[in-house]
Each structure stands twice: as C-alpha cells, then as structure tokens.
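Peer 1: Below are the structure tokens for one structure; questions will follow.
Derivation of every value follows stated rules applied to the coordinates shown; laboratory data play no part. Source: prediction; values computed, not measured. No Cβ is skipped: glycine too gets one built from the backbone with ideal geometry, and neighbour counts run over all protein chains shown.
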Amino acid sequence: MTEQNKVGNIAQVLLEIRSHVAHITFDHVAARNAMTVGMYQSLKSICEDIAKNPKIRVAILRGAGGKSFISGSDIAQFASFKQGQDGIRYEEGIDDYLGPLATLPIPTIAVVDGMAVGGGLAIASCCDFRISTPEAKFGVPIAKTLGNCLSAGNVAWLVAHLGINIVKRMLLLAEMITAPELLKQGYLLATYEQEQLGQEAVNLAERLSKLAPITQKSSKLVLARLIKNNLPDCSDLISETYGSNDFQNGVASFLKGELPIWTGS
C-alpha cells in the first residue's frame, strides 16, 4: 500500500520475497519512517498474506534510509481527536494492526539502525529477534512528547520482552534506552556495524530456516498466547488520557515544534 502525504512524500510498506525469506521495508524516509494509518494497514495485510504462504520460512523487517527503523506514528492524525473514545479506537486499531505480525507462524527478525520509537518499538518487539547497530536507541517518550498512553496489550507485550523496570523508565521517565544495555539485557540478539546488518540478518534467517517449522510455530504462538492471556480492561485509563487537555496540548505543541506545558488536566 502506498499513500501520498501532504508534503508529497511517499509513505509505504514494501514486500520483497527472496527465495524463502520475506523482506518487509518501512519506507517513509522524510519522517524517519513514522507509521501512517495506511502503513499500519499495509503491514497487517502483508503479514496476513505471508501467513498463508508455506514457501516463506522467515521474515526480515527493516526501515528504509539507514537512519531509522521506525520513529513512531504519524502525529498529524491525532489533531482530529476530540474525546477519549478516539483514543480507545486508536489503541484498539494498533492492537489489531500488530496482531498478525506478533502471531506470524514463522520466525521474524527486526533490523534496527537509528531508532525504534513508539510504534517502532512495538513492531520491533512483535518480532522474535532483534539485531541493531551499537548506536541504536529504543523507547516510548510519550510522557515528554504527546501525553498519550498505550493499550494494555501493548504494555503487556513490552513488559514481557523488556522487563517492567525498563518499561517504567521508558514510559514514566521518557528515557531512550541504548543498544548496549538492551544487548546485555537480552532484548537484542546482537549488535553489528551498519554495513554488516543486512548480511547478518540474512545469515540469521538462513539459520532459522533450517530448523523445524512446526516446532517454531507452536513455540512462538504458545508464548504469544501466554502474554495476551487475561488482559485487563483499561479503556477507562485510555479514555481519560486521550480525552485530557494535556493530550490536546501535547499534540498541538508537537506539531508547532514547541515544548508542551503539562497541567495534569
């Protein structure tokens, strides 16, 4: 799927199948590969198609341009939000878009150079393995930028992969966590210099493709179901956050390039 944004930059998710490996590329370079609604929809459709293709054994996901994996979601869409219910629908949509990636029946690899922020962190976390450059950074600095929040499913997935203490630093302190720390923690499988990333991703894909596919499918889907089991209903918190003056101010300030002033209302 391809869309044209207001300044004429293409925002698209590309799929290329090479032998038994699907290469998914997020291409919105002018916005550091920020995800538009159309890009989320395209990712969902691509994953649904891949799941039906028994010839594909591994998927590799990477951002175009070599400077960012995904820098978050397109902020302009939030300018039309008027009430908390808008936020509930948005977060439900994100869960719906990312579900087919998290439950792909094949191993997935996120290749991160630059940054994986917000929706980018969620997408990287939906993958089974992550490799990055040593300089890459990861986070969800919404307490500093927009003043919005994440769904219960999104938070549960991040906690399962990063641990509650790192997620608290990301969400409450708005910290960006560096690749060396996440390599030590185990979130990253390995780090490589940028010129090595592509080949190392292919090498990892080849290693994965030689193993038992049904075992891989069962193992990853059992883990996914464990993470999603018995999630609480947090719609009241999401509605309060997206319906707040702080969120409206955060979006307006971000689009103006100004620092928001938080009032707690």
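Peer 1: Quick one: angle between helix 194-209 and the longest Cα principal axis of the chain, in degrees between 0 and 90, rounded to 10, please.
Peer 2: Roughly 60 degrees, rounded to the nearest 10.
Peer 1: Taking 7 Å along the Cα-to-C-beta vector as the label spot, tell me the LEU211-THR263 distance in nanometres, rounded to one decimal.
Peer 2: Result: 5.3 nm between the two label points.
Peer 1: Compute the helix-to-body angle for 245-256: its Cα long axis versus the longest principal axis of the chain, expressed 0 to 90° and rounded to tens.
Peer 2: Taking Cα atoms only, the helix is inclined about 70 degrees.
Peer 1: For a quick check of your reading of the filter: which GluC sites (Glu not before Pro) in segment 164-265 sit in a DSSP loop and have no more than 14 other Cβ atoms within 10 Å? Don't skip to the end; give the middle numbers.
Peer 2: Numbers: sites: GLU175, GLU181, GLU193, GLU195, GLU200, GLU206, GLU240, GLU258; in loops: GLU175, GLU193, GLU258.
Loop-located and lightly packed - GLU193, GLU258.
Peer 1: Kindly identify segment 110-265 as rounded, prolate or oblate by the Cα gyration tensor criterion: order the square roots of the eigenvalues as a ≥ b ≥ c, call it rounded if a/c is under 1.5, otherwise compare a/b with b/c, prolate if a/b is larger, else oblate. Mind showing how you got there, number by number?
Peer 2: On the way: a/c = 2.75, a/b = 1.54, b/c = 1.79.
Verdict is oblate for segment 110-265.
Peer 1: Here's something else I'd like to know. Using +1 at the Cβ of each Lys and Arg and -1 at the Cβ of each Asp and Glu in segment 1-115, identify which of ILE56, MET115, MET39 lies farthest towards the dipole's positive end.
Peer 2: ILE56
Peer 1: Still on this structure: Segment 203-235 to segment 43-74: how many Å between their Cα centroids?
Peer 2: What the calculation gives is 16 Å, centre to centre.
Peer 1: Another question, then. Regarding the chain, what whole-number volume in Å³ per residue does the convex hull of its Cα atoms give? List each step's numbers first, then the result.
Peer 2: On the way: hull volume 32.2 nm³, N = 265.
About 122 Å³ per residue, rounded to a whole number.
Peer 1: Report the antiparallel proportion of the DSSP beta bridges in segment 1-143 as a percent, rounded to a multiple of 5. Can you show the working numbers first?
Peer 2: Working: 10 of 29 bridges.
The answer is about 35 percent antiparallel.
Peer 1: For segment 2-192, give the magnitude of the charge dipole about the Cα centre (Cβ charges: +1 Lys/Arg, -1 Asp/Glu; no others), in debye to the nearest 20. Could the numbers behind the result be given before it?
Peer 2: Details: 17 positive and 16 negative charges, 60 e Å.
The dipole of segment 2-192 has a size of about 280 debye.
Peer 1: Measuring from label point to label point, each 7 Å out along Cα→Cβ, what is the ASP96 to LEU189 span in nm?
Peer 2: 3.2
Peer 1: Calculate, in nm to one decimal, what ARG18 and SER80 gain on full extension: separation in residues at 0.36 nm each, minus their alpha carbon distance.
Peer 2: Working it through step by step, the gained length comes to 18.3 nm.
Peer 1: Out of all DSSP beta bridges in the chain, what portion is antiparallel? Express it as a percent rounded to 5. Show your work: numbers first, answer last.
Peer 2: Working: 12 of 33 bridges.
Restricted to the chain, the bridges split so that about 35 percent are antiparallel.
Peer 1: In degrees from 0 to 90, rounded to the nearest 10, what is the angle of the helix 152-162 Cα long axis to the longest principal axis of the chain?
Peer 2: 50
Peer 1: Say we join alpha carbon atoms closer than 10 Å with springs in a Gaussian network model of the chain; which of LYS168, LYS210, LYS67 then has the biggest fluctuation?
Peer 2: Sorting by GNM fluctuation, first place goes to LYS210.
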